[in-house]
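Report on the structure given below.
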Amino acid sequence: MSGHNGGRFRVGVAAVALLLGGLAAPGPAAATGLEFGPGAPVNPATAPAGGASSHGDSASSKTFTGAGPAGSPVVVTRSTLLAACPTLLHGSDGQLLGLCTDVLGQTPAVHVLDNATGFPLARLSIAKGSLLGGVYAYLDDQDQVVMVDGNRDLLHIAHHRGPFGIWTLRVTQRIPLAAAIAADDAVTGVIPGYDGRVWFVTGNGTVGVVDTATNAVGTYQLPAGERVDNSISTVPGTLAVTSDHALYLFDTNAAVPQPRWRYAYDRGPARKPGQLSWGSGATPVFFGPTNGYDYVAITDNARPRMNLLVLRTGAATPQPVCSQSLFANQPASGTENAPVAAGRAVFLTNTYGYNYPTLPPDAGPSVPDDATFTGGLTRVDVRADGSGCEVAWESATRSAALPRLSVTDRHLYTAIQNGPGTELDPFSYAAINADTGAVTDQALLGSLLGNPLQTAGTAIGRVYYQGTLTGIARIAPLQ
């Protein structure tokens, strides 16, 4: 990873579309009028939904309310942090925060970021842990960053603006977890239950819960040989965990973690190119048309094409709703991205062949060794009667970021690649009509140094922020 010089330019939607060869065409079918809600109840232990985690909320829906910049010419501002910024957060105070990994030393740090420019205002270095330890964190109900550092300490980190507008960051609570986490292990994801206890999962498959009032920790060990390489999700009474072999649901009301059920999926014969681990690349997502968590969804790693797996959340045993094959128009498919989901609609990207600048040290070989990033974006709807799923549309859009959905303006926001399919293809901000799959807005972000690394952006007001290999891209409507 390397640094990036900031730049500012103005882009008209029509001009950019012409420059980049036109807008992507929608799939063969259009799906209109479906309600994108309700969302799961806001977790009382987190900041408001939308900016509370890298996936938006504890249900990992990747949705937000309010309109984004779609429909307007935009100004793109790029800031230099000399760090990759996969996690952008904001709480009740609207202040943009970032969890970024330094180029030199690969050390994570929490940043207070200027909402107007994306430039850093304060920084707090964090003890280095796993690669994913620098990705998954959340904001609690006091707008504090909650994460586990490389010393296996659960941290609460507050930000404060003092005299003369000077920002500071400080650790307000530190709970050692070393007694519950092996020395050769590291936390992958952390999220609170609705009762305020903090749940975590480690790479080697330890699922734990921490009572922050008493510091008591309870754990459950997944079967030997199962790893967890993605984050975790909670809704009232339930935690979802995806290992590299199975999807688990846990009862978050239990004093000690214990699975309610386990559902094994097709993990395929090996890691696919464009993925960081062997198995599902998806953090589980809760969604549904009744209470916002009727269903839980992940993707598998079936060969040659992955499937969307949707199961009922409230059942005492696994009850699959569908196993929907994805990206029939592509020779192969797989993803490192979790689904985006709202109401009965699920949006998925194909990251097969995506060229990550670096891989976790234990990622293992991919089969094949390499592949072209052909991309693909699709929407799958669960039928109204819950009897199965149907593909609503599919496009060839090459999403290079994890999209976010505005349930207000009905657009997906992401970064895409345009060009012949090489590593030098430029990256562009894009807004995509969620009902048709058509790309409606684009603005150039840059080439190699503007790589969004398949990470999610976030929206504050109508401004969209996207982390990149080199810092932050800020996309705002032209005033």
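Close amide H partners of D102, meaning residues 5 or more places away or on another chain with modelled amide H under 5 Å apart, are T107, A109. Residues V42, V148, sorted by accessible area with the largest first, give V42, V148 [1.4 Å probe; ligands and nucleic acids excluded].
Need the C-alpha centroid separation for the stretch 151-229 versus the stretch 397-419, integer Å. The stretch 151-229 and the stretch 397-419 have Cα centres separated by 30 Å. Each of [x] 26.2; [y] 20.0; [z] 22.3 is a candidate for mean projected area of the Cα convex hull in nm²; the one calculated from this structure is [y]. Computed extension length for Q173-D266: 29.4 nm, one decimal, from 0.36 nm per residue of separation with the Cα-Cα distance subtracted. Ligands, DNA and RNA aside, C322 has an accessible area near 20 Å² when probed at 1.4 Å. When only the Cβ of Lys, Arg, Asp and Glu is charged (+1, +1, -1, -1), the dipole of the chain relative to its Cα centre reaches about 540 debye.
Ratio of Rg to Rh for the stretch 94-231: 0.99 [Cα atoms; Kirkwood radius as inverse mean 1/r over pairs]. Provide the per-residue ³J(HN,Hα) series for the stretch 439-444, in order, calculated from phi with Karplus coefficients 6.51, -1.76, 1.60 and θ = phi - 60°, each as a whole number of Hz, with x at glycine and proline positions. Values, residue by residue: 6, 9, 9, 9, 7, 5 Hz. Put the Cα centre of the stretch 110-130 next to the Cα centre of the stretch 247-323 and the gap is 32 Å.
What accessible surface, in Å², does a 1.4 Å probe find on T101, ignoring ligands, DNA and RNA and rounding to the nearest 10? Answer for T101: close to 20 Å² accessible. Its Cα centre serving as origin, the stretch 69-168 has a Cβ charge dipole (Lys and Arg +1, Asp and Glu -1) of approximately 300 debye. For L96, the residues whose modelled amide H falls within less than 5 Å of its own, excluding neighbours fewer than 5 places apart on the same chain, are L113, N115.
The values are calculated or read from the model by the stated rules, or taken from the named source; none is laboratory data. Remember, it's a predicted structure, so these values are computed and weren't measured experimentally. Cβ coordinates were reconstructed from backbone atoms using ideal geometry, including for glycine residues, and neighbour counts include every protein chain displayed. Accessible surface is based on the protein model in full, side chains and every heavy atom, while ligands, DNA and RNA are left aside. Shrake-Rupley method; radii C 1.70, N 1.55, O 1.52, S 1.80 Å.
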